[in-house]
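Q: Quick one: structure below, then a few questions.
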Amino acid sequence: MFLAEPHRFVIDVQDAMWAMPQGASGAGPGAGVVRGYRFAQHPGVSRLVLDLEAEASLVREALGGARAPGLQFDLAARGPFAAAAPAPSQPARASGRRTVVIDAGHGGRDPGAVGRTLGLHEKEVVLDTALKLRDVLEQRGQYRVVLTRDADRYVEHAERVRISRDANADLFISIHADANANAEACGASVYTVNERGARRGQAMLGDTIDLGATPVRGQARDVLVDLFQRETTNRSAQFAEIVIPRLGAVAPLLRNTHRSANLYVLLAPDVPAVLIETGFLTNAEDERRLSRPAERAAMARAIADAADAYFAAPQLYAQGALKPARFSGYVD
Ligand SMILES: [Zn+2]
């Protein structure tokens with residue numbers, strides 16, 4: 001229902017519980033006519049409020065089916081705001097800076113792959129690339145960057161995922177270098193999580209999410225978790241497809257470059273995540289390339305360009321600002 005003074009749009013779902021990473025209540029920025037959103041738990045009712053910039057009306061509404069319960073809707077401003085507001089398909093920067101978590105693989109007692117020709121250590125190559133990527137992103141002024149490690153230190157996989165979720169990351173980029181028994185194998189590649197990994201990730205969400213006083217169980221929980229996961233998997237794949245050609249412009253690519261795997265650091269079910277293998281330390285030419293700071297800087301710029309393109313994409317912006325999948329209530 002719409003309410004005035006101030007203008008807002010309120011959705012109440014009876015006999016439902018919020019299952020959000022922030023817990024049973026929270027708030028966030030909006031886009032277009034929606035200034036922001038907030039949600040809270042009231043006795044017997046889960047309430048979502050969209051605070052509006054102006055009077056608005058409901059122009060589209062769609063209910064999901066039994067297998068994929070959900071509610072989608074579009075709001076449009078009425079009156080003067082409609083003329084002044086940017087078209088909904090235009091990217092905007094209303095919600096401020098994006099949080100990117102950069103994860104340099106290995107570290108400390110775990111050197112990762114070791115170069116066959118020059119003896120390069122993966123943990124050093126990827127840390128330097130991660131630091132360069134941080135610098136490039138910070139120079140661009142529209143990112144908040146969090147590193148899982150900024151020194152030669154071992155960090156547990158679970159800790160890397162925790163850092164990413166605690167930072168409320170919009171994107172998680174893990175940086176590695178490959179090794180293979182076949183010295184001919186060469187080139188960069190990008191991984192996203194596969195279906196088996198996605199199932200492990202779902203278990204992780206169930207363990208860590210604050211489900212409130214009456215936890216959502218069974219089918220209801222599965223549906224909610226599935227909504228998170230599907231959105232995240234799609235967005236991870238979108239970033240992978242954006243970053244691959246840009247990496248290809250500065251480095252050779254492994255054939256079949258976008259691969260999917262059951263990799264632990266990619267499993268946070270609510271953070272889009274990719275793992276970039278920058279090249280093979282077991283290949284003489286790749287190792288020589290990765291030993292050069294200028295080549296590592298070129299890869300960092302390519303990844304930063306991909307982040308710019310990813311967040312500039314209008315539909316991605318709208319998803320990031322409003323996170324529609326996360327609005328979907330479920331009535332058991
Ligand atoms: Zn590695």
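The values are calculated or read from the model by the stated rules, or taken from the named source; none is laboratory data. A quick note: this is a predicted structure, and the numbers were derived from the prediction, not measured. Every residue, glycine among them, receives a Cβ derived from its backbone with ideal geometry; neighbour counts consider all protein chains shown.
Q: Out of all the residues in segment 272-294, which are surrounded by fewer than 18 Cβ atoms within 10 Å (Cβ to Cβ) and in contact (Cβ under 8 Å) with a residue 40 or more places away in the chain?
A: Taking segment 272-294 as the starting set, the residues that turn out to be surrounded by fewer than 18 Cβ atoms within 10 Å (Cβ to Cβ) are 284-285, 288, 291-294.
Correct list: A284, E285, R288, S291, P293.
Q: Kindly check whether there is at least one residue in segment 122-130 that is within 16 Å of the ligand (Cβ to nearest atom), crowded, with 21+ Cβ neighbours inside 10 Å and free of Cβ contacts under 8 Å to residues at least 40 places away in the same chain. Show your work before the answer.
A: If we filter segment 122-130 for residues that are within 16 Å of the ligand (Cβ to nearest atom), which is where we start, we get 122-130.
Now drop any that are not crowded, with 21+ Cβ neighbours inside 10 Å, which leaves 122-123, 125-127, 129-130.
Still in the running and free of Cβ contacts under 8 Å to residues at least 40 places away in the same chain: 123, 127.
Checked against the condition, which is being within 16 Å of the ligand (Cβ to nearest atom), crowded, with 21+ Cβ neighbours inside 10 Å and free of Cβ contacts under 8 Å to residues at least 40 places away in the same chain, segment 122-130 yields at least one hit.
Q: Taking R160 as meeting all but one of (1) at pLDDT below 95; (2) more than 16 Å from the ligand (Cβ to nearest atom), write down the number of the exception.
A: Looking at each condition in turn, R160 falls short on (2).
Q: If you go through segment 233-241 one residue at a time, do you hit one that is surrounded by 19 or more Cβ atoms within 10 Å (Cβ to Cβ), of a type in the set (D, E, K, R) and modelled with pLDDT of 65 or more?
A: yes
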